Every structure is written in structure tokens, then in C-alpha cells.
Amino acid sequence: MATAISSLVTPRALHRRCLSPASVSVSTPIRISFRTAAAPHAWCRGLALRVSASSVVLEAPEAVAARKLYVGNIPRTVTNDELRDMFAAHGTVERAEVMYDKYTNSSRRFGFVTMSTAEEANAAVEALNGTEVGDRKIKVNVTESFLPNIDRSAPESEPVFVDSQYKVYVGNLAKTVTTEVLKNFFSEKGKILSATVSHIPGTSKSKGYGFVTFSSEEEVEAAVATFNNAELEGQPIRVNRA
């Protein structure tokens, strides 16, 4: 049975086309069909929309993040297809992407995998975290757990992040850890180039992970050895090469 939607904002393009009750189809990654529910003039005034039962519900950013996985310490030879195959046994893989260095075009030894549900993502973490791939123990964790009371306040302006080929991923960050806190924490025991905490777009909500850059490979090795499993804001953090 079709479901009427009255809380959606009417696109301007549809207003300009309300001379007749013709069907309007929007072709995007999410397919939704809009049909008129009354006479042409009533349609112009109220724009009653009906979504077919097969339509996919739009997701909030935090819901998508709850099924997105960080996969770290993978061999440099692993491709997108091979990364997808690793997770296919644990559910439907919507996307698998290995991250590459923009300077050398070589693998940065980590990537992201998006599963179709949060349950599948959690199952993949349980099955694959700590397993060996090419003589390397991979790290798998959810980038963000869904929180119903998400802070949607506008994020404060962040300092410009200076990227570098010498970079570490910092995971399992407490929600209270800011970019400044992360920067100061790593700066206490060595020199860093830059630091950033990733946020859900359009909010000040931390995704629970960040990145720290350095000027040399030696500094990266020292950071991993010093800070992996160190406690920050009450919980142990994970530090891997990025």
C-alpha cells in the first residue's frame, strides 16, 4: 500500500511542472516515484506524494556510518575487489574501497567497507578483526555507532589539516576528543605535522576516529609504537599506519 508523505520539501522543479498531474520519476541511487493524488490544482497547492512500497527509506548520516567499517593494516597488494571478497561471506557489501596515497599512488594499507546493515557490519567485525591477511593482522572496526540523541549543532571551525604521506589512523576515540585534544596528546611525546578528528558532515559529532600526520617514516613508526592502545579521555585508542 502506498504511503503518503506530507513532510517533504517540494523541489522547485516540481512546482514549475504542476500544470498537469503527470507522474514524475526521479532517477538517483534511491529510486522514488511521485504521483499526484488529486486534481491538477489541488496537486499544485498541496503536492501529495506517494512512495511505492518498494522504495528505499532515506538514511541519516549516522545510520550509514553505523554500517561502515574501517579496515586497517591490509597488505599493499589488496585491491578493491579483494577487499570486497573478504567481507562478502558476512553479508551484502555495498561498497569496498582501498585508500591510495595521492603522491605515490600506492596503497595506504587501509580502506573502508560499507555493509547493507549494521548487524552485518558488527558480524564482520567479530569475524575478521585480528585475522591474518598476507601475514598481516588486519584491524576491523565500525567507524560510528548509532546514537539516537545525536548532536546536530553546527561544527566549530577546524584548523586546516595538513596532509602527508606519513600518516596514522587513530581509532576508538572518545566522543569528547576534539582535534585540539588529539593534537596536544600526540605532541606531548614528539613532533607532529597536523591532526584532525573526523566529524559527521554538517554536525559537530565526532565519528570516533581521526588522523595525525608527520614529516618522516621514523616519526610514524614511533607514534604507532608509543600510542597504540594508549589511553585518551578514558579509553584505549588504536593507532595504525594510514
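Brief remarks follow.
- Looking at Val133, Val181, just one residue is within 21 Å of Lys207 (Cβ to Cβ), of a type in the set (Val, Ile, Thr), open to solvent by less than 50 Å² (accessible area, probe 1.4 Å) and at pLDDT 85 or above, and that residue is Val181.
- The residue that is nearest to Val64 (Cα to Cα), counting only those in the stretch 192-221 that are exposed (fewer than 12 other Cβ atoms within 10 Å of the Cβ) and out of contact with any helix residue (DSSP H, G or I) (no Cβ under 7 Å at 6 or more places or on another chain), is Gly202.
- Of the residues making up the stretch 87-129, those that are in contact with a helix residue (DSSP H, G or I) (Cβ under 6 Å, 6 or more places away or on another chain) and in a helix (DSSP H, G or I) are Phe87, Ala124.
- Test result for Val162, touching a Leu at 6+ places or on another chain (Cβ under 9 Å), loosely packed, with under 14 Cβ neighbours inside 10 Å and at pLDDT below 90: yes
The values are calculated or read from the model by the stated rules, or taken from the named source; none is laboratory data. Quick caveat, the model's predicted, so the values are computed rather than measured. Heads up, the Cβs are rebuilt from the backbone with ideal geometry, glycines too, and the neighbour counts pull from every protein chain shown. These area figures cover heavy atoms from the full protein model, side chains too; ligands, DNA and RNA do not enter into them. Shrake-Rupley method; radii C 1.70, N 1.55, O 1.52, S 1.80 Å.
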